[in-house]
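A quick write-up on the structure given underneath.
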Amino acid sequence: MSNYDRRWMLVDEKGKFLTQRQFPRMALIQVRLGENELVVEAPNQPSLSIPLDYESDHRLPVQIWNDICQAMPLDQEFSQWLSVQFLFAWLNLVLDVRLPQ
């Protein structure tokens, strides 16, 4: 899992990253590596499988503390799953493109 650690993050509609300190419900999310996917689970939700080789040309500026960097947003189905879990109108799951895969 270490190759994928800290590559994924949740951002709000302004692209600012979200932390578990701000949103303690994040502690309810469980992740595990499948053969070719990241499997995300949360109480009362179906599992979500995200391909590890997910690719997109689309980039989104995101803010991590005081740094601005580019991230790759995932499909809306992934973001919608997380929005339901956290009762947000809008969340986006992004992949940090600064780190090698």
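Bear in mind these aren't lab numbers, they're just calculated from the coordinates by the rules spelled out. Being a predicted model, the structure only gives us computed values, none of them experimental. Positions of Cβ are backbone-derived with ideal geometry, glycine not excepted, and every protein chain shown enters the neighbour counts.
List of remarks:
- DSSP bridge orientation in the chain - percent antiparallel, rounded to nearest 5: 95 percent
- Summarised as an ellipsoid, the chain has semi-axes of 19, 17, 13 Å, derived from the eigenvalues of the Cα gyration tensor scaled by 5 and square-rooted, with the largest first.
- In summary, the stretch 37-81 shows an alpha-carbon radius of gyration equal to 1.37 times the 2.2 N^0.38 Å reference for compact globular proteins.
- Magnitude of the charge dipole, the chain, Cβ model with Lys/Arg +1 and Asp/Glu -1, debye to 20: 480 debye
- With a Förster radius of 22 Å applied to the beta-carbon distance between residue 80 and residue 22, the computed FRET efficiency rounds to 0.60.
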